[in-house]
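Notes follow the structure.
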Amino acid sequence: MDTKMKRYLVGRLVQTVIVLFSILTITFVLFEMLPARPYDLLMQSPLMKPSQKEYMIRLYGFDKPVLDRYFIYMKNMLTFKFGNSISQGRPVWDLLSARIPRTLTLFGLSVIVSYVVGAVVGSIIAWRRGGVADGTAVVSSLVFYNMPSFWIGLIFLFVFSFKLGWFPLTAWPQEVPYSLLDVAHHTFLPMITLVLLSLAGTILLMRTSMLEVIGEDYILTAVAKGLKERTVLFRHAARNATLPLATSFVIAFAFAMGGAVVLEQVFSFPGVGLLYIRSLSQLDFPVAQATLYILTLMVLAGNLIADILYAYLDPRVRLE
Amino acid sequence: MNGNGPEGEAWAADGKDKAMVVGDDELKGGDEVEKEGVQKTEGNVLEVEDLKKYYKLKGELFSKPRYVKAIAGVSFNIKPGEMMGMVGETGCGKTVVARLIVRVEDPTGGAIRFHGVDIAKMKGKKLRQFRKNAQMIFQDPYASLNPRMTVLQSVSEPLFNYGMRKEPEKVYTKVVKALEDAGLLPVKEYLERFPHELSGGERQRVSIARAIILKPSFIIADEPVSMLDVSIRAGIMQLLLSLREEYGIACLLITHDFSVARYVCDNITVMYLGRFVEKAETEELIQNPIHPYTKALLQAVPVADPTREKEELPISGDIPSPIDTPSGCVFRTRCPYAIDSCADSMPELVEMRPGHKVACHRVARGEI
Amino acid sequence: MEEKSQMAEYEEAEPPRSFSHLAQEDDGTTSVFSWKRTFARHKKQVLAGWKIYRKSRIGMAGMIIMLSFVFMAVFAPFLTPYDPDFIAPAEDVFNADYISIPIPEDAAGGMAAESWSVPMGSSGSTEALDTITVYSREGHAVQFSVDLIAAEGGGVGIDIPSSESYDIPVGIDVMLPVLFKNEMFFAIGNEALHELSYDTFTTSRATELGFEPTYYSNLWNRWSLTNTEGQLFFAMANETILSIYSRTPDTSMGMSTVKVFFDKVNISSYAETADDVIIADPIIINLADEENGSMVVVPTDGGVAAFELNISYSGGLFNTTDNVGLGDMIWYISYEDIGDQYSRDVEPALEQPIAISKENPSEKEGKNRIIFASRDGYLYSIFRSNGTLEWSTTIASTQIRSPETMGIYPTYRGVIIVTGMTEPGVGFITIVDPENGLIEGGGTWIFTPDSAVIGRPEYVASIPAYIFASQEGTIYILEETMELRATFSIPGGTETTTSYVGNIVNNIGSYQGNYFAVVTSDGKLYAQSITGTYVAPLPPGTYPSGNTYHLGTDVFGHDILTNLLYATRTELVIGIVAAVLSAVLGTIVGIMAGYYGGWIDSVLMRLTDIFLTLPMLVVALLFAAVLGPSILNIIIIIAIFSWAGVARVIRAQTLTLKTRCFIDAAKVSGASDTTIIFRHLAPNVLPLTFLYMVFIVSAAIITEAILAFLGMGDQTAVTWGMMLQYLKISGNTLTAPWWLLPPGIAITMFSLSFYMMGRAFDEVINPRLRSR
């Protein structure tokens, strides 16, 4: 790896860290602004003795000034010390540990699949601009792109689970032990929904980017040279057209995460997103902070990987 | 052809009166300018002394910063009404000189004096007053006009910048006059056109109209015709000359094309890598080039004379990177006459013939 | 060589060769500022852009869809007959089942079941409906046992598994169930009052009355601290005789001390009522725990008379009643007197002209007035203690014109029900405040059923509702505000020759809030669920009320089509405001960063990066939890997450523009920074801003929908997202596709239209995308 690449990596890493810190700070401020304290729910119980209340306050650090709390928060987050859930009394990590890989697979796999499929489909239809395939693909992509994610999920649930009964209503096998097949069967619906949503955007973007690339002179040269259509399409055009796609990956990742969170709700998929939403409504602070942090980490990690891949593919980026 | 003499003075006096008419309210600090500038009408319009511009490069972490020496110390004067030409290849820094003079960029060192007042370090309102004295015409006729503004808007803008908002009729009259002077007739047909509705030549004329509307004493023309069709160039050049005739506007013409420079300029300076290498009156330079670089440039100009013999003057290599300029004489890497001692120091401009200065050690020593 | 810069290339799509058609007509003004000029200028640019836009099929399609939404938003009131607060009436939303069971023929001894009475229900000890009894004059009673069961489609139904027939004394006119520890029936007829046992209908006691009563009072079941078993007081009257029947409870302090008292007076023996005839039911006014002050009030054809009700006790440990009797006339007020005082002709209401101001038997409060209704709709308040007039009002109004009052009835609520007929021969029912005689609800609580109100309307406190039957055979259930809650038709209606309608609501126990109206008609007993099963959300169609819900209703009874249309307004506001906000903010940041460069640029770009990489939804939820759900907050949240994208693009555009020398030219011409930003950069950047604005509208709608769905939406606002959220909460997701599909389709189409318009507009500003 040459120095330029190294420098770029370091730069991006630093950037990620800065962004992470800023996001953590922003979320800390937001949590402080919530009209409730972590121990409110517990404190309502009349069985609470004053000494216990004091203990609670001290446990959550509200006896100290804001700045101290901030540092404690940062330290805890960065060392992954999440404390215990208020509503469930268990360590937050316990709740999270099983969910993280689930959300990662759901979310990661679907994004990857959608990008790969989208890139291929997008480039093919752009090549045959104006054909029936182009028209249908564009129209359906447009429609799916603008559908609210949860709604598609609900409809799929209605049609495929309820009416047709092909897939179970819950998104994760209940009976233990379960096989991979069981998992696949249960998670198929949320997965396919996520894929479809990202696919739409990817196809559109890829198509646009391909059209621009196709207009360039070097494609004309390649065709004039007599290269096979396939070669030109994939080796030359698509290669270059995927680069803008990679830039959009960053933003798309954040959106996909949002979509995953919502779909976890719709399909009752036991992932991090569902935990987050539940913890917010219960005002279970430790869980909410921890899940938010994990979700952010996932997005940032995804971005970093995407950027590195992008820099690997496109040398121009490293010169920035 | 020179601006010296009674006509030039008349113009300068004229300029003073006209300048004071344009929007008095903003001109607090300008009064001094007026006094100083006008008093020195017999002096130079522009004096540039040892102008330097270095660009800092983004360095590696923990290493010494490196610089691009775009301009490494140039000096020249322009008298009222004088048309000076600056010739050089791409990257020699001539555009940078232009931008420094109009203070679009800040010089790293040196002095820029308009009518005796050094504006090199001026900022803010004071600087804005000085802008009235010097205007610029740019290379790309399209890019120099705001695509969303009509001709009327573009040309009237300078007046608004100096506070003429309260007198729209006066502005209108001035705009019409400026467009007439720039040769866009009938004026009324052009007023509401957008830049994309004009041809290249017309756009350049609009830029010129915009430049002269403030009655500056000095205009810089940065490659004004290089992007125009050859058939139109003559018209534009004629226009510049006529402006000098009517208003006594001095002009610094920047170009890479000798034929253009020859057409309008009183004298020509040749630039290489941010330094002047030769300077002389136009015909003198073109007939008797001394510096090897000048000779090479002139050789490259196609001449419509089949009988003329070409003197082969091999210059080898490409223009070196401006970051690591060669030590001593910057041209030595390509100069066919270079010897070791050329690397010792950068040669100064030395007068070899009357009014003809050359910067070359060996020429100074009479070796070539 | 002429190098074309990018902008030159694209705006020169049609290189101008001849200018004549472009030459402006000179308007003769010699001023730089001219509205005509400015207008012409902008028109030129807009038309040029429009020409290109028009060519895009996507763009035109998007625009058409968007315009239809705008049309929907503006003309919503005309596109749907319902206003946004509309809720489907109860009759559509409730499924009221009834069961019918024939009254066994042999119960009537094979005789025609023509004279079956008003059915009575009783609940025994469990407060759930237990038995229903009907009886006939011919001496038969049938008692149906009742089971409450789970009904189809939810709710509680009734099952009548069996019945028993009994013989009762022939000629019984009226039978009353007496409950609360004295479970028996009072059966009156043949000049006697029988106490019939509850189970076997055998006479346990009979008292000779010496006259045939035609009017019957309320039953006062008196109990007090010392007399908790309940002493019964019951007044009966005919044209001239007023009587009181009282009976002590079966056991008191363990001793069987039933005493029966009976007294009567003849009103002819009083001077005031010498020629009078009693015309309606008397009222026992009881003042619990006070021996003195109880009275019986009776309306005659000449006036209203009040008689003492004397109850004497012997004190001591065993508080027993010594005597109950009617004393002297306390006061009498004649209709003439009333008429004189108000200069009117006063005639009593046709069926029941007097009512006590409040019905609750054990409370003393509020019982200080007797309300008298005259036939012409005037009400008068008479002080109970001395028979003097207090106030007079009328219930005549635009809705009740020329009232012909039938009767007034007190309620536990403390208001008086007034029924009667109004022009043109249609019944009315209304509620009046006994304190002042004014129609409740500011004079608006009036209901006009399809025909006259027959019988006595009932007020059920626990629903709460008013229940009565009309002559046409419809049972009405009204809200407290006299708004229609539900109606049911009596099967068989009034076509059968004899049908008695009974609302037995007081005595029908509730089973988790379900009430039944029990009716006999044409030899059958009908038990009709009054409260019914709630069947909303309703699929699209036409419903009993005559309303058509083209897209059905939601679980609250809101018409989905109406909600869909009115929500369009909110969506437009949210989308456009959020988009404008983000676009403006993003543009400002972008221009600042791009123009000034340096540290400003670095800082702003860092900020932008942070907001770009924030996982939007996740943090938005947090924001929503902090700020609280409201339309404004949602708009702010959307703006917070959208400005960054705009800023990035605008900055890039600014940087590109900076390289174009007109910026430098402006500087050279003496323009200040602000001038450059506003006159040069901004107009060239605005098309891009506008483009992104359109895309943001599209995204904002979807974001709002997602936020609403996750519970962070504004509860008071109607938006498509909230519609879907209510769907989720009510658990109808899988069962109400007519509720699931329209909002989602609306969201998709709305968002899609803006997106398509954005794409087309993109082609206008960025010609590289145009078809070759």
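Side notes on the structure shown:
- Scope the stretch C:332-355; condition part of a helix (DSSP H, G or I) and touching a Gly at 6+ places or on another chain (Cβ under 9 Å); matching residues: C:Tyr335, C:Glu336, C:Asp337, C:Ile338
- Any chance C:Ile701 is within 14 Å of chain B (Cβ to nearest Cβ), of a type in the set (Val, Ile, Thr) and touching a residue at least 12 places away in the same chain (Cβ under 8 Å): no
- Meets criteria (more than 9 Å from every other protein chain (Cβ to nearest Cβ), at pLDDT below 85 and either farther than 30 Å from B:Val187 by Cβ or not in a loop (DSSP other than H, G, I, E, B) (or both)) for C:Pro77: no
- Residue match in the stretch A:186-204 (condition: under 13 Å from the mean Cα position of the chain (by Cα), among the polar types (S, T, N, Q) and in a helix (DSSP H, G or I)): yes
- Taking the numbered list (1) under 24 Å from the mean Cα position of the chain (by Cα); (2) in a loop (DSSP other than H, G, I, E, B); (3) among the acidic types (Asp, Glu) in turn, B:Glu351 passes all entries but (2).
- Test: B:Ser217 is in contact with a strand residue (DSSP E or B) (Cβ under 7 Å, 6 or more places away or on another chain), buried (at least 24 other Cβ atoms within 10 Å of the Cβ) and either under 15 Å from B:Glu82 (Cα atoms) or not assigned by TED's automatic domain parsing to the domain that holds B:Tyr162 (or both): yes
- Among the residues of the stretch A:162-172, not a single one is facing chain C (nearest Cβ under 9 Å), part of a helix (DSSP H, G or I), more than 20 Å from A:Pro270 (Cβ to Cβ) and at pLDDT 85 or above.
- Taking the stretch C:273-304 as the range and being modelled with pLDDT under 85 and surrounded by fewer than 18 Cβ atoms within 10 Å (Cβ to Cβ) as the test, the residues that pass are C:Leu287, C:Ala288, C:Asp289, C:Glu290, C:Glu291, C:Asn292, C:Gly293.
- Positions within the stretch B:76-99 being under 18 Å from B:Glu283 (Cβ atoms) and of a type in the set (Val, Ile, Thr), in sequence order: B:Val87
- Residue within the stretch C:688-704 that is surrounded by fewer than 19 Cβ atoms within 10 Å (Cβ to Cβ) and either outside any helix (DSSP H, G or I) or not polar (S, T, N, Q) (or both) present: yes
- Output for the stretch B:138-174, where each listed residue is more than 7 Å from chain C (Cβ to nearest Cβ), within 23 Å of C:His42 (Cβ to Cβ) and in a helix (DSSP H, G or I): B:Val151, B:Gln153, B:Ser154, B:Val155, B:Leu159, B:Phe160, B:Arg165
- The stretch C:172-186, residues that are at pLDDT below 70 and either in contact with a Lys or Arg (Cβ under 9 Å, 6 or more places away or on another chain) or aromatic (Phe, Trp, Tyr) (or both): C:Phe180, C:Asn182
- Of the criteria (1) over 21 Å from B:Phe114 (Cα atoms); (2) in contact with a helix residue (DSSP H, G or I) (Cβ under 7 Å, 6 or more places away or on another chain), which one B:Ala280 fails: (2)
- Failed criterion for C:Val415 (all others in (1) surrounded by fewer than 18 Cβ atoms within 10 Å (Cβ to Cβ); (2) in contact with a helix residue (DSSP H, G or I) (Cβ under 8 Å, 6 or more places away or on another chain) hold): (1)
- Among (1) surrounded by 24 or more Cβ atoms within 10 Å (Cβ to Cβ); (2) within 12 Å of chain A (Cβ to nearest Cβ), the one test that C:Cys661 misses: (2)
- Restricting A:Gln265, A:Gln289 to those that are closer than 23 Å to A:Leu78 by Cα, at pLDDT 80 or above and in a helix (DSSP H, G or I) reduces the list to A:Gln289.
- Condition check for B:Glu245: of a type in the set (D, E, K, R), assigned by TED's automatic domain parsing to the domain that holds B:Tyr142 and free of Cβ contacts under 8 Å to residues at least 60 places away in the same chain: yes
- Subset of the stretch C:711-724 that is within 9 Å of chain A (Cβ to nearest Cβ) and either β-branched (Val, Ile, Thr) or within 12 Å of A:Trp151 (Cα to Cα) (or both) - its residue that is surrounded by the fewest Cβ atoms within 10 Å (Cβ to Cβ): C:Leu724
- Residue check for A:Thr208: at the interface with chain C (Cβ under 10 Å from one of its Cβ atoms), out of contact with any Phe, Trp or Tyr (no Cβ under 7 Å at 6 or more places or on another chain) and closer than 30 Å to C:Ile610 by Cβ: yes
Each row is one residue, and each column tells you yes or no for (1) under 30 Å from A:Leu211 (Cβ atoms); (2) of a type in the set (A, V, I, L, M, F, W, C); (3) touching a residue at least 24 places away in the same chain (Cβ under 8 Å).
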site	(1), (2), (3)
A:Asp63	no, no, no
A:Ile72	no, yes, no
A:Ser97	no, no, no
A:Ile112	yes, yes, no
A:Val116	yes, yes, no
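- Number of positions in the stretch C:382-410 that are surrounded by 14 or more Cβ atoms within 10 Å (Cβ to Cβ) and part of a loop (DSSP other than H, G, I, E, B): 8
- Residues in the stretch B:160-175 that are touching a residue at least 60 places away in the same chain (Cβ under 8 Å) and crowded, with 17+ Cβ neighbours inside 10 Å: B:Tyr162, B:Met164.
- Here A:Tyr70 meets each of (1) touching an Asp or Glu at 6+ places or on another chain (Cβ under 9 Å); (2) over 30 Å from C:Thr608 (Cβ atoms); (3) at pLDDT 80 or above; (4) not acidic (Asp, Glu) with one exception, condition (2).
- Top-ranked residue of the stretch C:622-650 - restricted to ones that are β-branched (Val, Ile, Thr) and surrounded by fewer than 21 Cβ atoms within 10 Å (Cβ to Cβ), ranked as farthest from the other protein chains (Cβ to nearest Cβ): C:Ile631
The values are calculated or read from the model by the stated rules, or taken from the named source; none is laboratory data. Values in this document were obtained by computation on a predicted structure and should not be read as measured data. Please note: Cβ atoms are built from the backbone with ideal geometry, for glycine as well, and neighbour counts cover all protein chains shown.
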